[in-house]
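Since the structure comes first, as structure tokens, the remarks are kept for the end.
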Amino acid sequence: MGYFMSKIMLDFTWLLGRLRRIYFMALPENEGDYEKSRKNFIAGDSANQTIAQLAGGTFLVSLMLSVHIPDASIGVITSMGSLAALFQLFTMQPINKLKKRKLFVCITVLQKLFFSLIFFVPLLPLPFHIQQFLIVAGYFLAQAWSQIGTPATQDWIASLVPMELRGSYFSKKDAVAVFVTVTVMLGAGVIMDSTAGERQHIGFLLNGMLIFILVLINFCAFSRMKEPRYAILNAAGQELHGNLAKKYMENQAKKQKGVLKAEIKEAFRNSDFRKAFFTNLLWLTAFYTSSPFNTSYQIKELNLPFTFIMLVGFFGNLVRIVITPVVGRMGDRFGMAYMYKYSLIGILLNFAFMAVSVPSNAYPMTIAATIFSAVGWSFAGIGLFGIQLELLNEEKRTLQLSILSSIGGVYGFLVSFVAGRFLSFLQQAGWSIGGKTLYAQQVTNSLGVVFLIALILYVKFIVQKREQELRR
């Protein structure tokens, strides 16, 4: 008995030592380690973006419609990821104190398993109102954990990529992620179409299992990355661990009381932070006024099949994959703000084509909207993130990213909530022009166009000017 207990303790100690090396002592030692970490991030983020699509958009809308959640509520629920960013405000200080964040980020990745579980809910013999609650609660929990881990993840990858390579690296990463995502989505869309009707629950089951596998891939890829972030150092430049590190952190914790309010005030006193903040708010206004309601519009009012939506999205994103590396290099050359404003024109045209989409022209309008969306998104996400990295204080990047994301998240949710109420009002009013039905989503997409015009002008005359000064 004593031998087996000793062996168990020895194995347990070995395991703890192994985990410590993986999550707390994974410093990159050479350029090869940096390169491998960047490749692992591409793999992990490709899985992450695929999860976001399989647990959102058409698939999530279909899941919610199956348990009789109304249109306006669906738009608000899909925006809950934005509201979940509020948790960043309450967790940013403890996270910022973490000298090693790799384990924390990997734990938040595992919480995406809630995305998988919600697709098993329709299989349970429960009343619709309980199924609705479980789906919404599971979706919100997964989004909350995902949002909490986002600033630390962004800071982690930013520390692995030199500034002069960010445009080309992030464009390459997005091209790979988009290819993986659209390929998986196309297959998943065919499965959902083939299991439509009475066998719909089979499609949900397969989708949930696929998300489960992708979460594990995301976790393993991030676990293989190095973290170029030092823990507490002594006078000799060596990392402190164990009791010495614990004592140091306790002393630091006493000094950190009341820092949250001071950090927020300090951030808003900085004109560069305010520029990043207002850019984010204008983008959220445009996006959440229209985009959350377009998927349900395509499925219900326009009556488009899953396979068509996925197929058009696949070919549209092939265009995105081809041009993303090109615009990424142009971002490195001309500046993030310069390219960002042009990418917004693609998204503006996407909203414009959705605004004129009706059942009689749904197929050609959807094709045009999807192509312009793919062109716009080839740099929109990269550009906004790049602007933030250039304008924020590097030493306080995690804190300021958390402030941006949490305040912006609440704001985005409020915008989608108000837009959802407005959408319900328009649907109940049943307006028409010249005897033709005016769909509520046509109005919300038109508003999205107006807000994007305001954002493009702000980026051109304010943000781009400041970026040029910083680069000089």
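The values are calculated or read from the model by the stated rules, or taken from the named source; none is laboratory data. Given the structure is predicted, the values throughout are model-derived calculations rather than measurements. Here Cβ is always computed from backbone atoms with ideal geometry, including for glycine, and neighbour counts include all displayed protein chains. In case anyone asks, the SASA skips ligands and DNA or RNA and just uses the protein heavy atoms, side chains included. Shrake-Rupley method; radii C 1.70, N 1.55, O 1.52, S 1.80 Å.
State which residue is modelled with the highest pLDDT when the search covers only the range 8-45 and only residues that are open to solvent by 50 Å² or more (accessible area, probe 1.4 Å) and of a type in the set (Ser, Thr, Tyr). The residue in question is Tyr34. Taken together, the residues in the range 378-437 that are open to solvent by 60 Å² or more (accessible area, probe 1.4 Å) and part of a helix (DSSP H, G or I) amount to 11. One residue stands out in the range 179-202 among those that are without any contact (Cβ under 8 Å) to a residue 60 or more places away in the chain and in a helix (DSSP H, G or I): the one that is least open to solvent (accessible area, probe 1.4 Å), namely Gly187. For Ala380, the conditions (1) in contact with a Pro (Cβ under 6 Å, 6 or more places away or on another chain); (2) of a type in the set (Gly, Ala, Ser); (3) closer than 29 Å to Phe315 by Cα all hold with the exception of (1). Among the residues of the range 212-227, is there at least one that is free of Cβ contacts under 8 Å to residues at least 40 places away in the same chain, open to solvent by 20 Å² or more (accessible area, probe 1.4 Å) and part of a loop (DSSP other than H, G, I, E, B)? No, the conditions are met nowhere in the range 212-227.
With respect to the conditions (1) open to solvent by 40 Å² or more (accessible area, probe 1.4 Å); (2) under 22 Å from Val109 (Cβ atoms), Glu164 falls short on a single one, namely (2).
Residues checked against (1) charged (D, E, K, R); (2) outside the structural domain of Gln427 (by the TED database); (3) within 17 Å of Leu438 (Cα to Cα); (4) out of contact with any Leu (no Cβ under 9 Å at 6 or more places or on another chain):
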{"residue": "Leu304", "(1), (2), (3), (4)": "no, no, no, yes"}
{"residue": "Phe308", "(1), (2), (3), (4)": "no, no, no, yes"}
{"residue": "Gly316", "(1), (2), (3), (4)": "no, no, no, yes"}
{"residue": "Ile323", "(1), (2), (3), (4)": "no, no, no, yes"}
{"residue": "Val326", "(1), (2), (3), (4)": "no, no, no, yes"}
{"residue": "Arg333", "(1), (2), (3), (4)": "yes, no, no, yes"}
{"residue": "Leu344", "(1), (2), (3), (4)": "no, no, no, no"}
{"residue": "Met354", "(1), (2), (3), (4)": "no, no, yes, yes"}
{"residue": "Val358", "(1), (2), (3), (4)": "no, no, yes, no"}
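Of the residues that sit in the range 324-356 and are β-branched (Val, Ile, Thr) and buried (at least 19 other Cβ atoms within 10 Å of the Cβ), which one is modelled with the highest pLDDT? Within the range 324-356, the match that is modelled with the highest pLDDT is Ile347. Within the range 451-472, the only residue that satisfies the criterion of being under 23 Å from the mean Cα position of the chain (by Cα) and open to solvent by 50 Å² or more (accessible area, probe 1.4 Å) is Phe451.
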